[in-house]
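Here is the structure we will look at, set down as structure tokens.
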Amino acid sequence: MSSANTQSAPSIFSPALVRPAIGSAFAKLDPRVQLRNPVMFVVWMVSVLTTLLAVAGFVGRGEQGGYSSTLVLVIALWLWFTVLFANFAEAMAEGRGKAQAASLRKSKRDVQAKKVGAGHWSSGDGQRHKATDITSLKTESVPGGTLRKGDIVLVQAGDTIPGDGEVLEGVASVNESAVTGESAPVIREAGGDRSSVVGGTQVLSDWLIVRIAANPGSSFLDRMIAMVEGAKRQKTPNEIALDILLAKLTIIFLLACTTLLPYSIYAVMQTRAADTASTAAPVTVTVLVALLVCLIPTTIGGLLSAIRIAGMDRLVQANVIATSGRAVEAAGDVDVLLLDKTGTITFGNRMASAFYPVDGASAEQLADAAQLSSLADETPEGRSIVVLAKQKYNIRERDMHALGFDGKPATFVPFTANTRMSGVDLPVSTQYPLGRQIRKGSADAIEAYVSRMGGTPSAQARDIVNEISRRGSTPLVVADGKGKTLGVIELKDIVKGGIAERFAELRRMGIKTVMITGDNPVTAAAIAAEAGVDDFLAQATPEAKLKLIREYQQGGRLVAMTGDGTNDAPALAQADVAVAMNSGTQAAKEAGNMVDLDSNPTKLIEIVRIGKQLLMTRGSLTTFSIANDVAKYFAIIPAAFMSTYPALGALNIMRLNPDTAILSSVIFNALIIVVLIPLALRGVKYRPVEASRLLGHNLLVYGVGGLIVPFIGIKLIDVLVNLLPVWS
Amino acid sequence: MNGVLQLVIYLAVLVALVKPLGWFMARVLEGKAGEAPLGLGRALGWLERGVYALCGVKTDADRRPVETGWKPYAAGILIFNAIGFLAVYALQRLQHTLPGNPAGLGAVEARSAFNTAVSFATNTNWQGYGGETTMSYLTQMLGLGVQNFLSAATGIAVLAALIRGLARRSSSTIGNCWADLTRVTLYILLPLSMLLALALVSQGVVQTFREPAKVALTVPLSYSEPVKNDAGDTLKNPDGSDQTRTVQVTEQTIALGPAASQIAIKQLGTNGGGFFNVNSAHPLENPTALSDFLQVLAILLIPAALCWTFGEMVRDRRQGWAVLAAMLAIFVPLLFATYALEAAGNPRIDAIVAHGDSASAPDAPAGNLEGKEARFGVAASARWAAATTAASNGSVNSMHDSYTPLGGLIPMWLMQLGEVVFGGVGSGLYGMLMFVIVAVFVAGLMVGRAPEYLGKKIEPFEMKMAAIAVLVPCALVLVGTAVAVAIPEGYTTSNPGPHGFSQILYAFSSAGNNNGSAFAGLTANTPFYNIALGLAMWFSRYWIIVPVLAVAGSLAAKRVTPTSSGTLPTHTPVFVVMLVAVVIIVGALTFVPALALGPVVEHLQLVGK
């Protein structure tokens, strides 16, 4: 991980984040900003109203029978604090993103680009330019910001790539740490799945000819900066639905509070009619306003945008860039996960898993020969044979040079597409008086080799080869130079450790996993069973992938997939959550709605978790916010109406001071926002258990907890407030 | 103990009937034209086909009525209800010129007629008038009686459309409203009413077209009344006191009429509009303990059984049980609480009895019996009060105004919950399903999934419609009460202080939730209340029906997401708790301040010093 990422995850209340957030909280008092959030806009409006009431009180035109003007002013101040705390929460969330955006922007210096003039380069000529041609290529130097989509540029060692694009020609190592945080350089080359480059990254060696794929302002880096800064702040459908629910609750409480005024006037009239000495007075606007603010869901209303921004930010922390908040939410809903076998479920390479000697050879002989033939074989398969021979038969790894004799070295015969086998030739020595030749390779190639050496291809080996193929593994036949077949090595796909547990976890989350592989169905079934995926698609073609996604979607499921190749692009475009690998092609990145900078296919699981966390945080805080209201009624109703109906004092179960009970409730209501900021930013913890249990748990914590906490909180605040002697 | 037993038997019989009736109604709502279970199709199919031919309802090759989308369905329901409203209004205004009026009653006053017409079209059956002294037999039977059937059928039809919306996938239609109205009336309401009416007649409920009977009093009565001149002024004696004369009464007029047939549907269709003024406290409307049991059973029968119908039609009976469980979880405690509060009686009276002041309290009271029929006692009265307000029935066998403050709070609050705990036939369940949408939304978020119910995604449109459906009754009750207490026209209460406030709040809670029960005490047959309550009933009914049908249409068009272990199950106890919490919290938080100023303070004053 780079410094960019570690810098952007400071502790939640670090001064570097808090100070600008405080300033920003005041700037957000602008009513146009507040209008975006109906709940907080109501608080903003009544804050203005209460302030005016306080001012009116100081000039002698305050409400009849109400609080002292000082107390009204203090209530007004705490109402303003409620708005400010909500603003602060949002600013804090934005601040975390901004820190990251700033480090990204550093890499977005305007660079001079070497633009290749039209007609000087054509990809259609089929001719590969030599490095020397590049120097003769006519280029003009233009500012990187002027490049348009389709322009062609030359980037040489030491240059910064001026914009996102696709490599048309050349191979180069590129430092992409500005984007990925990964300091190891990556190879970018024309064609294939490593052909896309990102603007702002630097070519370390060699050269590239790049076709620019994005206009200024819409490049990958621009999108990334925009996202982490939260500039694209359109609400998702789910947020809109929650807004409707919160607006509904706000309207209900607005009605409940405003109608209280006529109810109260009626009650006072009745009381005075019955008892002329009664000092009953109608409830004041200040009290109604305080009651309203305490009842409307300010807690969730104030934290809603912070939750969204923090959710996006958590994704950025995981090194994933989403193009929209909608994609993040959809991730929480994913039902089906399409995973590529290679690299995700299995290690990229096959490994030796067993030796099968034939025609009277012993297992040790076979293992020994296999090991000898693989000593110089640096492919992962070759290494795995050496390892297996040591594990199974304790055959020590030998030094290739030690196998030489009398100055004549042992020679390694590398694998070629032509011979389809590899091996070793040992010189004549005391141990091998005739020298020794060992070959390993595909069954057909070795059979031909054996025949050539005057031997007879082994029927037993052929049977074992067929058997291994049926199992989905790859057979390698080993023979020696005398035309004798020694046996067969089984190469197997190795399922990554712990992956089966992760799939079991996904199953508990209700997500079906589907393995995508180009293997034949037999091989695929064997690996699918071992990895514990729910289903597999064998001999997958891009068309088959697309069809599979469509089928799942027809059935009402949400499909997530990862991809990196250009041939993945149609499927990525079709999938609901499409994570493109950063190492992948430009086409793949454009088709997806997320890019994983680490290019780690198992990241999808992390993304699902983040999406769920985002929704859960919203739901839990909504529940908490509404559950809080019960205690507030017990605090405010007796205080508000005790002058009319002293009997209502019996409802004052918290034994609050009637003069300060309303202030204490308002203070609690404002402070709870601050207290919950860390939860909003970190998110509610997600545990992969079935939905019903999760609901029970969260109902207990946020529902029942939400009922109890304010009783304690308001009482505590009331005790503290009454330590100040100014109220009586 | 006897009282508790009465309540337990009641609940047991009710729950036992849920499955068979629910199954039967599902068959009716899903059946083809001319087909219905239990041989009803054979017996009445010709009538159904006749109605279709008359109304131009087409059937397809499979003999199913051709369906429409939600907009034509809603338009049909609204037009049908508007016609019903106009017919009842016209009948009332013209009853003096029409036959079937042996008592010779005059035309009903315009605003009262408006109120009553709205009231019976909306299944509220609020009665600002006294039945036997206002409505002719023809008005009662052709106007009110018919509307009792049709308003109930409207509720079940709208529910059927919503259930189809939930059960279907990628469908553009939700049913044919004319076919639904016809089949519900013909195969569900008529046969059940016929059975219940016969049972009630066997218990002595009247069913006759005879004019009111005159009977000789066994003990003649006499009283004195002031003597007036032609101008209406009281004549004075020389000493300045009023001149009086003694009147001898030897006979009594007993109001009669075709009551049993109307009472059956009044209870089954959660209508509640009584034939006689005192409703089911009247000995000819509810004569025996058995008739009382049958009627109170009929109140909750269809609303409860529709839960099973719902589960049956969405092919997941557990969903029906879950909703029923949520309703029972709210109803049962409140039922027993009402009984306990009434059985405990009035502490002030108990105090007097304890001091041996036998002059003011001749006998130790067995609980609070004021306003209750001695024939029924506390348990049967409390049972009725809870059932009639849980369902949007509104018929009474005792006067809720006379309940203890908290005993009266419970019926009021049951209405304020939005009439979703059983509620009206159809309307209760579709109202509850709107709460389910809200509950599913919050619960879905809490488990980290975009909310869905029965595989249908809950999106902004559904939330908006559910919000309107939940908001409208709350707003009507709060604002209506506020207007009434703010203007002198509203002060027609019989009590001052918090109890007077309770009377007004009760009236708007009743009208704003289409219940129709009255607290008594409030004189509501005034121009202000006739119009204000009429408007409340109108908005409360149709501003919910239209959003509900819109949700039905929107849900029907959606695909179904298959369930997985990540899907929030909506049939588990946890979800039932969640649903109950949402209903109670919305109901409680909205009305706590108002209730605090009414029954709560009254109670605290009663128990305080």
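Largest first, what is the accessible-area ranking of A:Asp568, B:Asp233, A:Asp535 with a 1.4 Å probe?
Most to least solvent-accessible, the answer reads B:Asp233, A:Asp535, A:Asp568.
Label-to-label distance, B:Lys236 versus B:Ile531, with points set 7 angstrom from Cα along the beta-carbon direction: 4.0 nm. Shielding of peptide A:552-561 by partners, expressed as the average count of other chain Cβ atoms within 10 Å per residue Cβ, is 3.
Between B:Ala340 and B:Thr253, the C-beta separation translates, for a Förster distance of 35 Å, into a calculated FRET efficiency of about 0.30.
The magnitude of the dipole of the protein assembly as shown, with charges of +1 and -1 set on the Cβ of Lys/Arg and Asp/Glu and taken from the Cα centre, is near 1580 debye.
Here the stretch B:398-535 exposes an accessible surface that is 71 percent carbon and sulfur, computed with a 1.4 Å probe and the other protein chains kept in place. With r as the distance between the Cβ atoms of A:Arg19 and A:Val59 and R0 = 30 Å, compute the FRET efficiency 1/(1 + (r/R0)^6) and round to 0.05. After rounding, the FRET efficiency stands at 0.25.
Interface between chains B and A: roughly 5100 Å² of accessible area buried, both sides summed (probe 1.4 Å, protein heavy atoms only).
Look at the dipole of the stretch B:262-398 built from charges on Cβ: of B:Ser291, B:Ala329, B:Thr389, the Cα furthest out on the positive end belongs to B:Ala329. According to the Kirkwood relation over distinct C-alpha pairs, the hydrodynamic radius of the stretch A:511-631 is 16.0 Å. Accessible surface of A:Lys98, taken over heavy atoms with a 1.4 Å probe and every protein chain present, rounds to 100 Å².
Which one of A:Leu679, A:Thr644, A:Gln613 has its Cα pushed farthest toward the positive end of the charge dipole of the stretch A:607-728, where Lys and Arg give +1 and Asp and Glu give -1 at the Cβ? The Cα lying farthest towards the positive end belongs to A:Gln613. A 1.4 Å probe over all protein chains sorts A:Lys392, A:Lys545, A:Lys149 by accessible area into A:Lys149, A:Lys392, A:Lys545, starting with the largest. Which distance in Å, rounded to a whole number, links the C-alpha centroids of the stretch B:412-457 and the stretch B:16-67? When both Cα centres are located, 29 Å separates them.
Using only Cα atoms and rounding to the nearest 10 degrees, what angle (0 to 90) does helix B:377-390 make with the longest principal axis of chain B? Approximately 40 degrees, to the nearest 10.
Dipole of the protein assembly as shown computed with +1 at Lys/Arg Cβ and -1 at Asp/Glu Cβ about the Cα centre; of B:Tyr430, B:Val442, A:Val424, farthest Cα towards the positive end is A:Val424. When only alpha carbons are used to place a centre, the stretch B:231-278 and the stretch A:599-646 end up 57 Å from one another.
Identify the residues of the stretch B:546-568 with backbone N under 15 Å of a label point that sits 7 angstrom from the Cα of A:Asp535 along the Cα-to-Cβ direction, or state none. Residues passing the 15 Å test: B:561-565. Sequence-ordered 3J(HN,Hα) estimates for the stretch A:308-320 from the Karplus curve with 6.51, -1.76 and 1.60 and θ = phi - 60° stand at 5, 4, 5, x, 4, 5, 4, 5, 5, 4, 7, 6, 10 Hz, glycine and proline given as x. Between the C-alpha center of the stretch A:411-433 and that of the stretch A:657-728 there is a gap of 76 Å.
What's the angle, to the nearest 10 degrees (0 to 90), between helix B:146-167's Cα axis and the longest principal axis of chain B? So the inclination is approximately 30 degrees. In this label model, B:Ile487 and A:Asn215 are separated by 6.0 nm, measuring between points 7 Å along each Cα→Cβ vector. Relative to the longest principal axis of the Cα atoms of chain A, the long axis of helix A:521-531 lies at roughly 50 degrees.
A 1.4 Å probe run over the protein chains yields, for the stretch A:351-457, 52 Å² of accessible area per residue, whole-number rounding. For A:Glu397, the accessible area of its heavy atoms, probed at 1.4 Å with every protein chain present, is near 90 square angstrom.
Of the residues in the stretch B:404-453, those shielded by at least 20 Å² of accessible area once partner protein chains are present, compared with the chain alone at a 1.4 Å probe, are B:Val438, B:Phe441, B:Val442, B:Leu445, B:Met446, B:Val447, B:Gly448, B:Arg449, B:Ala450.
Each Lys and Arg contributes +1 and each Asp and Glu -1, all at the Cβ; summed about the Cα centre of the stretch B:1-82, the dipole is approximately 80 debye. Sorting B:Ile156, B:Ile79 by accessible area puts them as B:Ile79, B:Ile156; the probe is 1.4 Å, largest comes first, and only protein heavy atoms count.
Determine the sum of side-chain charges near A:Leu426: Lys and Arg each +1, Asp and Glu each -1, restricted to other residues whose C-beta is under 14 angstrom from that of A:Leu426. With Lys, Arg at +1 and Asp, Glu at -1, the neighbours total 0. Looking at this model, which pairs from A:Lys341/A:Lys484; B:Lys464/B:Lys558; B:Lys266/B:Lys464; A:Lys496/B:Lys456; B:Lys71/B:Lys266; A:Lys98/A:Lys235 are more than 26 angstrom apart at the alpha-carbon? Beyond 26 Å between Cα atoms: A:Lys341/A:Lys484; B:Lys266/B:Lys464; A:Lys496/B:Lys456; B:Lys71/B:Lys266.
Here's how it looks for A:Val577: its modeled amide H is under 5 Å from those of A:Val559, A:Ala560, A:Met561, which are all 5 or more places away or on a different chain. Just to be sure I understand the interface: list residues from the stretch A:256-294 that lose 20 Å² or more of accessible area between the chain on its own and the complete protein assembly, 1.4 Å probe. Those are A:Ala256, A:Thr259, A:Leu260, A:Pro262, A:Tyr263, A:Tyr266, A:Met269, A:Gln270, which lose 20 Å² or more relative to the chain on its own. Take each residue in B:599-606, count the other chain C-beta atoms within 10 Å of its C-beta, and the mean is 4. Remark: the stretch A:486-544 carries a charge dipole of roughly 220 debye about the Cα centre, counting +1 on each Lys and Arg Cβ and -1 on each Asp and Glu Cβ. Shielding by partners for peptide B:471-482, expressed as the average number of C-beta atoms from other protein chains within 10 Å of each residue's C-beta, is 4. Under 5 Å from the amide H of B:Ile254 lie the amide H atoms of B:Ala213, B:Lys214, B:Val215, each residue being 5 or more positions distant or on a separate chain, with H modelled from the backbone and absent for Pro and chain starts.
B:Tyr129 sits with roughly 10 Å² accessible to a 1.4 Å probe, with DNA, RNA and ligands left out of the calculation.
The values are calculated or read from the model by the stated rules, or taken from the named source; none is laboratory data. For clarity, every value in this text was computed on a predicted model and none was experimentally measured. For neighbour counting, all protein chains shown are included, and Cβ atoms are generated from backbone atoms with ideal geometry for every residue, glycine included. Quick note on the areas: whole protein, heavy atoms, side chains included, nothing else; ligands and nucleic acids left out. Shrake-Rupley method; radii C 1.70, N 1.55, O 1.52, S 1.80 Å.
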